[in-house]
1. Taking segment 93-106 as the region of interest, how many residues are farther than 16 Å from Ile512 by Cα and surrounded by fewer than 24 Cβ atoms within 10 Å (Cβ to Cβ)?
2. Assess whether Val123 counts as being closer than 20 Å to Arg359 by Cα and modelled with pLDDT under 95.
3. Evaluate segment 93-113: report whether one residue or more is at pLDDT 75 or above, outside the structural domain of Leu534 (by TED's automatic domain parsing) and in contact with a His (Cβ under 9 Å, 6 or more places away or on another chain).
4. When you scan segment 402-518 for helices (runs of 4 or more DSSP H) that lie fully inside it, which ones turn up with 3 or more residues that are out of contact with any Asp or Glu (no Cβ under 8 Å at 6 or more places or on another chain) and either of a type in the set (A, V, I, L, M) or surrounded by 15 or more Cβ atoms within 10 Å (Cβ to Cβ) (or both)?
5. Which of the residues that make up segment 189-202 are out of contact with any Asp or Glu (no Cβ under 8 Å at 6 or more places or on another chain) and surrounded by fewer than 16 Cβ atoms within 10 Å (Cβ to Cβ)?
6. Mind checking which residues of segment 38-62 are small (Gly, Ala, Ser) and touching a Phe, Trp or Tyr at 6+ places or on another chain (Cβ under 8 Å)?
7. For the list (1) over 23 Å from the mean Cα position of the chain (by Cα); (2) under 22 Å from Leu193 (Cβ atoms), I need the number of the one condition that Gly330 fails.
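The values are calculated or read from the model by the stated rules, or taken from the named source; none is laboratory data. Bear in mind the structure is a predicted one, so any value in this text is a computation, not a measurement. Here the Cβ positions follow ideal geometry from the backbone for every residue, glycine too, while neighbour counts run over all protein chains shown.
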Amino acid sequence: MTLEYLTLGVYFVGLLFLGGLFAKFNTNLSDFVRGGGKGTWWILGGSMLMSGISAFTFTGNGSAAYEAGPTFLVIYLANTLGFLCGGLFLGPWYRQTRAYTGADVIRSRFGTSAEQFSAYVGVLLGPISSAIQLWALGIFVSSVFGFPLVPTVFFSGLIVVAYSVSGGSWAVMATDFVQAVVLMGITTILAVLSFVAIGGVSGFMEAVAVPDVAASFTWIKAPGEFPGDRFTWQWCIVIFFMQLLNQINLGTAGRYLAAKDGREATRAAFFAMVMMALGSVIWFLPAMVARFLYADVVMALPMKDPATAAYSVIARELLPNGLLGVLIAGMFSATMSSIDSGLNGQTSTIMRNIVPRMRGVLDLPELDDRTNLRWCRMSSSIIGAVIIMFSLILVTLGDVQLFEVFLIVGSVIGLPMTMPLIFGLVLKRLPSWSYFFIFCAGMLPSAYSLIMEKTGGEAWTVQQRSLWVMGFGVSASLICWFFRAHTNDKFRENEAAFFKRMHTPVNFAEEIGEGNDAQQASLIGRIVLGMGLLMSLFLAVPNTMTDRLIILALAGFIFTVGLLLCWSGRKKERPETEAS
């Protein structure tokens, strides 16, 4: 395990170094919270991909793949379709709002009250979500390495906070991209090894045809086959639309705001779409193969739910010596990218939407750029400390009640909050009170379902609750649209201005000024080149010739990406030099 420890140590040092490098990109609040609106498609697309996956992708969803086959991929189909919508129209629209944060977009569409409500709810719930992801990462790493949970959670949290505080949005996007390159490389190799181990297409189909496997690997399950009637037709349809709504509503505008313009936002979305589609195959094939080849090993693990370790089991069995540490680094990267994106988003909301409003109420002057950056770093540090504290509470108490409470809160509040953000995008001339009316309507079935459960009534499944919430949300939206003639003039003017701005292309030269495309490509390219060279050092680890070729392929892939970025950076520098 010494080699794996060394791998993780080098990886963490690299993240901190990268965060420090991008600190110089920050000169004002716009730079810190949305990269100054200068992000190129490849860095933004990689960040969008990584912010959507975590250790849960390989543990919780890996467990679903192990037990139930490919049915759960309906979630990733919705994710892919969401990015497709971003590429076709949503990405440019959202970037063209000219907003700094997602809460800015909500204010432009629904007014200040809706902005403040969504901002405070997001800041209150965000650290809990990040804490659970950090806790899950600690459990995963502890199960592989035998690390104590408390130090694992604590030091992982410190690293995330350190590079997020130093570099802001730039550090988040840069580290996300580098992590995406490594993660896609190592997970692709494991998927190929798994595919070869099972005997290719014919071997996989033969394994699926085994009676006890075939029953659970059917695409659509019968009611009652899984707890909560998961993987049935109703579950698939509801979960698909629920996930799709989560991907395309106005609240997701924040993922596109760092793009240079609508064109870059479009390319970023298509890039993330392709990577998500590929990931849907390569991330979950190993867990399915583990069911066929290593079921005895998986089920013998001393865990409450051993299927969650299926991915790590097959990785230990198939990866060449030395690459397990790289995979664990990939697990860290997937989880930490989700956490740091959330951390940066919460800081952005506080400094852009909450603090200015509070200072306005207190009749205090606006903060200058230097003070804003200092407050951003202080805010990130405080939120990071809260995330670590929540995670340590989960670890030390050894109780999953907080986790269960979070899941309930997420399912009960998350979808009702999404409904007005969907209909606010597709319907015009809604009344000024529509945001809260639609939200409250969606909360009615959620509240009723909780009351039923607490009073001994029948517990609702996720799909039952979601269907009622969506039904009430649609009905409330139609009621609001029916009263569209009663919209006040000021709200109607703001609404018209919002849609006009959203459909007006960004003129980067006039609105933002000078870009830093060459710096982005050259700096990150050199970092990725270094990662490729470090990866080649694993060739010195005792392995068979075949395993050494696998390591060489991984190092070559990473090195090639770095070369392409460096070449792109030099190519972009030439016009700037000639122009000067």
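1. Looking only at that region, the number is 2.
2. Considered against the rule, which asks whether it is closer than 20 Å to Arg359 by Cα and modelled with pLDDT under 95, Val123 comes out as yes.
3. Scanning segment 93-113, I find at least one residue that is at pLDDT 75 or above, outside the structural domain of Leu534 (by TED's automatic domain parsing) and in contact with a His (Cβ under 9 Å, 6 or more places away or on another chain), so the answer is yes.
4. Output list reads 434-454, 462-482, 489-502.
5. Val196, Gly200, Val201, Ser202
6. Gly45, Gly46, Ser47, Ala55, Gly62
7. Gly330 satisfies all of (1) over 23 Å from the mean Cα position of the chain (by Cα); (2) under 22 Å from Leu193 (Cβ atoms) except (1).
Listed here are the residues, each with its yes/no results for (1) in contact with an Asp or Glu (Cβ under 7 Å, 6 or more places away or on another chain); (2) in contact (Cβ under 8 Å) with a residue 24 or more places away in the chain.
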{"position": "Asn353", "(1), (2)": "yes, yes"}
{"position": "Arg357", "(1), (2)": "no, yes"}
{"position": "Asp363", "(1), (2)": "no, no"}
{"position": "Thr371", "(1), (2)": "no, no"}
{"position": "Arg374", "(1), (2)": "no, no"}
{"position": "Arg377", "(1), (2)": "no, yes"}
{"position": "Ile383", "(1), (2)": "no, yes"}
{"position": "Ile387", "(1), (2)": "no, yes"}
